[in-house]
Amino acid sequence: MTETRRRGDDLENTIYAATLKILARDGYEKTTFAQIAREAKTSRTVLYRRWDTIFELVHDAIEHDVPEMRVENLQYDTGSLRGDLIALGKIFQAHGNKVNDEFVRASVQEFSSGSALAKRMMRQVEQVNFQIIGEICARAIERGELQQLPSKRVQLLLFEILRYQGILLRSQALEDVEGIVDEIILPAYYAGGRG
């Protein structure tokens with residue numbers, strides 16, 4: 001009897017599960033297309049058709065494994081700008097806590113190399129960040145907390161500070177979010193968003 005060939009979501013889920021299993025067990029440096037194909041019981045050709053590098057595949061597997069970080073699943077409407085920014089910051093940090101340390105190091109290396117992949121991924125991340133912050137600011141404007149959108153630099157500030165803490169310092173203290181919002185983010189939003 002022959003085994004039915006998996007396709008679509010079933011195959012993708014199997015590939016992601018195999019990738020995360022190998023990443024956790026062996027570390028990023030030892031995670032290869034060959035190992036993932038073997039663990040997922042598929043061919044390397046299937047993997048190469050979809051992903052150009054191991055970095056891309058691991059990134060997608062991590063993103064797939066954390067559905068609460070998809071924009072449509074985020075819950076950060078607390079009724080105030082301060083509350084929304086704190087809730088968002090805590091969600092962002094909780095996501096960072098789930099990322100394998102070796103993958104963080106690989107990400108730093110990938111992004112510091114300035115590769116086309118890194119640039120494309122950063123553009124995608126920024127688009128999502130702007131979408132999320134845009135919704136938060138629109139609600140703040142409706143409530144009268146802001147008169148206008150702050151500059152793009154200010155809109156990205158919370159993400160950039162938390163990324164710095166999480167990636168470079170490997171510090172994910174959730175209680176820091178309130179201090180960051182109160183001492184840095186809100187003053188910047190008010191300076192640029194109160195007209």
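If you check Ile185, Ile167, Ile91 for being modelled with pLDDT of 85 or more, assigned to a helix (DSSP H, G or I) and open to solvent by less than 70 Å² (accessible area, probe 1.4 Å), only one passes: Ile185. Within region 104-116, the set of residues being among the aliphatic types (A, V, I, L, M) and modelled with pLDDT of 80 or more comprises Ala116 only. The residues on offer are Phe55, Phe33, and the sole one that is among the aromatic types (Phe, Trp, Tyr) and at pLDDT 90 or above is Phe33. Within region 122-149, if we keep just the residues that are of a type in the set (S, T, N, Q) and at pLDDT 90 or above, the residue that is least open to solvent (accessible area, probe 1.4 Å) turns out to be Asn129.
The values are calculated or read from the model by the stated rules, or taken from the named source; none is laboratory data. What you see is a predicted model; the values in this text were computed from it and never measured. Only protein heavy atoms, including side chains, enter the accessible area calculation; ligands, DNA and RNA are left aside. Shrake-Rupley method; radii C 1.70, N 1.55, O 1.52, S 1.80 Å.
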